[in-house]
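K.L.:
Would you mind keeping the following structure in view while I ask a few things?
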């Protein structure tokens, strides 16, 4: 290429210009089919959802009602204001706290104190806002957010840890590595409707169900599994009720399914990530006499952190999108203890035909996902080690 | 890339005794096998129950005394699977054809052609991966119903188009192919261009033949996506003209209720095609993940 550059004449230059124009046209032409579909079915609907959420839309479009559908969720705008202010203060407190850790001057302790105070204040205001909203707003929606959060916290960390452990073991000198990998990935690609049916039967409330026989082996009385709306903490004998008691046993059953079906994906991605860690680093560490465990802790975990970050992001977004298996595994008697926000929105739309309310709820969900993604990016992105 | 080159294990400075090493290794295998058993168990349970009599499913036998192959025939007929199965095959084929067409072209453009607006377009595509279906579902339903813009034929509810067209492009496939296409040496293109090759011919004759692994990966993910789709087909099919297998199975679940053996037979029928495609493509598939995966 170097020599050809020197030879550029005006004629050549015009040929390059022509190539550039050609590239421009070809590039746009090649992306057009994908763009058309992604725009119509992926991007345009967001705008249209916002539009719909401003109308009293029930199957057909009704009159314009402004933020009324959103008010149904929050109760009143002042509730939302309190909640957002609490969040803002919390973020500010966190920022001050962190800054105090970084700087080593005399005001450090004071800044710590101030940061902690603002942090607590923000938290209190946030909780107050939440309480107000719970009083006057849409309880079902707020409940569904908590259910979604439980589902996310129950699945994502477990999926990451199990996935990493399995991948790390598979990465050693293992006979039959291929076979293990094929088996681990299987639940991820099989249709969740079909596999959820099996979980339904394994975790049925019958005394003879497999899950009940299994716990019976350890002397535990039969449980109602996916029919049980009571929170797990309550079942363990603690006197808490409602959503404060953690996820319901029904949700835990769904969490089991979520972990089972998703771990294989994490394992495969971790495995390919492990392959990208230079072997020399391990060899050097081995020369220094570090144990296997040390190597895992001080080399593998930091080196694999970009993959971990990617998987936790995908995992969290995935839990907010999760629908099929929850829809199949839910039971009427589990009530709203398994209704995540994506199910709630679907019910509002499909069963209740309240399109306007459903789109408003979906938009709020979308904003929450965006916010969480940004926070996750900020918090984890800083710690990730990019080689 | 193959991961079979393991970490050099011992030599040099090692404190572990051979016996300790064997024990450690045995422990690792124990974890792997326990994991494999947990992953495979529901499939085993599905198959064994599908071959039982109803009585055997209730008394919780582990394996049927006499395999009841008739269950499969019964489930197939009761759930009118012939119709749904054919629908699912046609829907999957149509979706995959469209998906390959759009994503190979777009992946190539994003990976190998310099054009204005490329970066904006690409990041816009990627951003769509974050959007929950809850947001797009309702407007898409109205779109397909023909409420927002007039469609050829009035409404697309209960048509083949409703089930295929919206899935004929996705950001994930484009991203995966772009990652691979971008790694192809520039010299290949320079040489081809001197021979008078344009982008389209270069893509078809040079790039595609060497990109079998990532294309297979896109195919496998596309196949599972189309075959396993449930929420959208549930919404846009009100008759069984084009209703796919998953929605049919869901109906069957409601209907067959306590007939566990038939239910399991139905479930087995729906996963067989996926298993066949998975075992056929899994080699290229893992290669595809490894070569295009993330930070390559």
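Values quoted throughout were computed directly from the atomic coordinates according to the rules given, and no laboratory measurement underlies them. Just so we're clear, the structure is a prediction, and the values are computed from it rather than from any experiment. Here the Cβ positions follow ideal geometry from the backbone for every residue, glycine too, while neighbour counts run over all protein chains shown.
K.L.:
Considering every residue in B:244-253, what mean count of other chain Cβ atoms within 10 Å of its Cβ is obtained?
P.N.:
Counting other chains' Cβ atoms within 10 Å and averaging over B:244-253 gives 3.
K.L.:
Right, here's the next one. Suppose each label sits 7 Å from its Cα in the direction of the beta carbon; what would the residue A:135-residue B:54 distance come out to in nanometres?
P.N.:
5.5
K.L.:
Looking only at B:208, B:124, B:246, which one moves most when chain B is put into a Gaussian network model with springs between Cα atoms under 10 Å?
P.N.:
So, out of B:208, B:124, B:246, the one fluctuating most is B:124.
K.L.:
Using a 10 Å cut-off on Cβ to Cβ distances, tally the other chain neighbours for every residue of A:270-278 and report the average as a whole number.
P.N.:
Numbers: counts 0, 5, 13, 4, 2, 7, 7, 1, 0.
So the per-residue partner count for this stretch is 4.
K.L.:
OK, next. For the protein assembly as shown, what mean projected area does the convex hull of the alpha carbons give, in nm²?
P.N.:
Average projection, Cα convex hull of the protein assembly as shown: 38.8 nm².
K.L.:
Then there is this: With a 10 Å radius around each residue's Cβ, average the other Cβ atoms per peptide and rank A:217-229, A:184-196, highest first.
P.N.:
A:184-196, A:217-229
K.L.:
What's the center-to-center distance, using Cα atoms, between segment A:242-317 and segment B:49-99 in Å?
P.N.:
36
K.L.:
Further question on the same structure: Restricting to Cα pairs below 8 Å that are 6+ residues apart, what does the relative contact order work out to for segment B:36-151? Please round to a whole percent.
P.N.:
Worked out over segment B:36-151, it gives 11 percent.
K.L.:
What length, rounded to one decimal in nm, is gained on full extension from residue B:158 through to residue B:126, with 0.36 nm per residue of separation minus their alpha-carbon distance?
P.N.:
Result for the pair: 8.5 nm of gain on full extension.
K.L.:
In addition: What relative contact order, as a whole-number percentage, does chain A give when Cα pairs under 8 Å and 6 or more residues apart are counted?
P.N.:
Reported relative contact order: 21 percent.
K.L.:
How large is the helix-only mean residue ellipticity at 222 nm for the protein assembly as shown, computed as the sum of -39500 (n - 2.57) over DSSP H runs with n ≥ 4, divided by its residue count, in deg cm²/dmol to the nearest 500?
P.N.:
The helix contribution divided over the protein assembly as shown gives -23000 deg cm²/dmol.
K.L.:
Most fluctuating residue of A:287, A:303, A:52 in a GNM of chain A with Cα springs under 10 Å: which is it?
P.N.:
Result for chain A, Cα springs under 10 Å: A:287 fluctuates most.
K.L.:
Further question on the same structure: Report the gain in length on full extension from residue B:80 to residue B:186: 0.36 nm times residue separation, minus Cα-Cα distance, nm rounded to one decimal. Each step should come with its number before you reach the end.
P.N.:
Values: separation 106, 0.36 × 106 = 38.16 nm, distance 5.36 nm.
That works out to 32.8 nm of additional length.
K.L.:
Given springs between every Cα pair under 10 Å in a Gaussian network model of chain B, which of B:230, B:41, B:221 has the largest fluctuation?
P.N.:
Per the Cα network of chain B with a 10 Å cutoff, B:41 tops the list.
K.L.:
Same structure, new question: Please compute the contact order of chain B in relative form: average sequence separation of alpha-carbon pairs under 8 Å and at least six residues apart, divided by the residue count, as a percent.
P.N.:
30
K.L.:
Per 0.36 nm of contour for each residue apart, how much would the distance between residue A:61 and residue A:99 grow if the chain were fully extended, relative to their Cα-Cα spacing?
P.N.:
8.6 nm
K.L.:
Three principal axis extents, largest first, for the C-alpha atoms of chain B, in Å?
P.N.:
Per principal axis, max minus min of the Cα coordinates gives 76, 73, 35 Å.
K.L.:
Using only Cα atoms, locate the centre of segment A:181-237 and the centre of segment B:135-195, then give the distance between them in Å, rounded to an integer.
P.N.:
Taking the Cα centre of each part, segment A:181-237 and segment B:135-195 sit 38 Å apart.
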